[in-house]
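First comes the structure, then the notes that go with it.
The values are calculated or read from the model by the stated rules, or taken from the named source; none is laboratory data. Worth saying up front: this structure is predicted, and the values here are computed from it rather than measured. Cβ atoms come from the backbone with ideal geometry, glycine included; neighbour counts cover every protein chain shown.
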Amino acid sequence: SPYGGIFFYGVHLVQPLMFIFGEDIHRVRVTRQGKSATATLAYPDDRLATLIFKTQHYGWETWVETKQGMQQLQSRVPVLDPPLNDTAMVGMFRTRQEPRSHESILRCVAVLEALEKSAANEAWVDVEAI
């Protein structure tokens, strides 16, 4: 992104992935082909998550492999008005309780930093421990 690299859009991909599958990503690798790129995030139990950085369309989708094949994860929760992120932020100000721990936020930043390093040389990069 011209607006700040992996840190601008990447958090919108990495944070939900970590919420769904866990924060214990231990290494990452970015692969490029022209303007296209993918990132592989590896978990200690041999699970892999692949991010496909889109060039033709905005938005994201989440798919998982199951014994029945590939399945798209779709929310069963209706879209709220105002959006959940907005109400969560207002709730945080009202209660002075943060929705995520500082460690969780820093863990996501560590994954983004590893992705940025890997994008420079397309090598596997270990995620720094928090």
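Observations on the structure shown:
- When region 17-28 is limited to residues that are touching a Phe, Trp or Tyr at 6+ places or on another chain (Cβ under 8 Å) and of a type outside the set (Gly, Ala, Ser), the one that is modelled with the lowest pLDDT turns out to be PHE21.
- Taking the numbered list (1) out of contact with any Ser or Thr (no Cβ under 7 Å at 6 or more places or on another chain); (2) under 21 Å from ASN121 (Cα atoms); (3) not in a strand (DSSP E or B) in turn, PRO99 passes all entries but (2).
- Enumeration of residues in region 7-38 that are over 16 Å from ARG107 (Cβ atoms), of a type in the set (Gly, Ala, Ser) and surrounded by 11 or more Cβ atoms within 10 Å (Cβ to Cβ): SER36, ALA37
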